[in-house]
Ligand SMILES: [Zn+2]
């Protein structure tokens, strides 16, 4: 099954839904950075989440960053997705392996320790918006749900699943984000009347019932990556488990992939920002490496002299 990102709504647009299969992208991240199982799980979850968070980006150069920083040995990771579904990222301690307790290699929260989860939304037009929240468990899904609640006051269900073999081959990576759209509360429904949600005013308890049903469906849904490994598509998972008994509608889907946005031109521009003095110290030539895709850009002595002379 190819990597795909889905946007949907449920129960008369009262819930917005994002779901993703990004198995190939997480495998590519694992291979590029030679990640240990712990780092694969951490970066895999961040890539899965940020892919879904990228949906409402509009400008072609807009991108969203999701990063986690912890005081534990795993340290953290960064994942970015742009408006075109190009994913990239890196882990701060990519090779961390717990040799004495093999089971520990599957619990990222324990090795992240105390820390923060941060999102940076860059719409490519105005100053980037940054929001940060303390980690709750370090298992990412719960942390992101708490981030949405604290920073954006949106009740959100997040499910992120990465299934890996002992050698860190990625068998399945995927997840979903479901957000309750802002609604009139049930207590206020009668007062708001036709100005509010039609179903809230005509069926005062329908939303609460559906929210409860959705919540128990989500709790009863087996791990998304286990289901994907059994052959369920991300749409099957939504239909047969998450929205069992609840109407939902897919609106759009788009492909996503691990793909870096770096270029020699971008590195040149970044170097020019350093100014004449710093560039002169590198006049013998440098070979910067892209931390997202490991591409090496060679700037020879002549290239550096040209750059300095053009400043
Ligand atoms: Zn790159």
- Query: For the peptides 262-274, 116-128, what is the packing order when you average, over each peptide's residues, the other Cβ atoms within 10 Å and list the highest mean first?
  - Reply: 116-128, 262-274
- Item | Degrees separating the helix 23-33 axis from the principal Cα axis of the chain, which is the longest one | 30
- Across 10 Å bins beginning at 0, the whole-percent shares of Cα-Cα pair distances in region 264-309 come to 29, 58, 13, 0
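Can you give the FRET efficiency to the nearest 0.05 for residue 235 and residue 106, using r as the Cβ-Cβ distance and R₀ = 25 Å? Present the calculation step by step, with values, prior to reporting the outcome.
Values: r = 27 Å, r/R0 = 1.10.
It comes to 0.35.
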- Between the Cα axis of helix 206-220 and the main Cα principal axis of the chain, the angle (0 to 90°, nearest 10) is 60
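With a 10 Å radius around each residue's Cβ, average the other Cβ atoms per peptide and rank 98-108, 10-20, highest first. Walk me through the numbers before you get to the answer.
On the way: 98-108: 13.7, 10-20: 21.0.
Per-residue Cβ counts within 10 Å, averaged per peptide and sorted highest first, yield 10-20, 98-108.
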- Task: Can you tell me how much longer the chain between residue 95 and residue 120 gets when fully stretched, taken as 0.36 nm per residue apart minus their C-alpha distance, in nm with one decimal?
- Result: 6.4 nm
- Task: Please give the contour-minus-distance gain from residue 302 to residue 278: 0.36 nm per residue of separation, less the Cα-Cα distance, rounded to one decimal in nm.
- Result: 7.0 nm
- q = 0.13, 0.17 Å⁻¹: log10 I(q)/I(0) that the Debye formula gives for region 4-258, counting C-alpha atoms only: -0.82, -1.31
- Hey, could you pull the Cα Rg and Dmax for region 52-103, both in Å? 14.8, 48
- To the nearest 10 degrees, how steep is helix 141-152 against the longest Cα principal axis of the chain, on a 0 to 90 scale? 80
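Rule-based calculations on the coordinates, nothing more; no lab input. Computed from a prediction, not measured in an experiment: that's the story for all the values here. Using ideal geometry, Cβ is built from the backbone for each residue, glycine included, and neighbour counts are taken over all protein chains shown.
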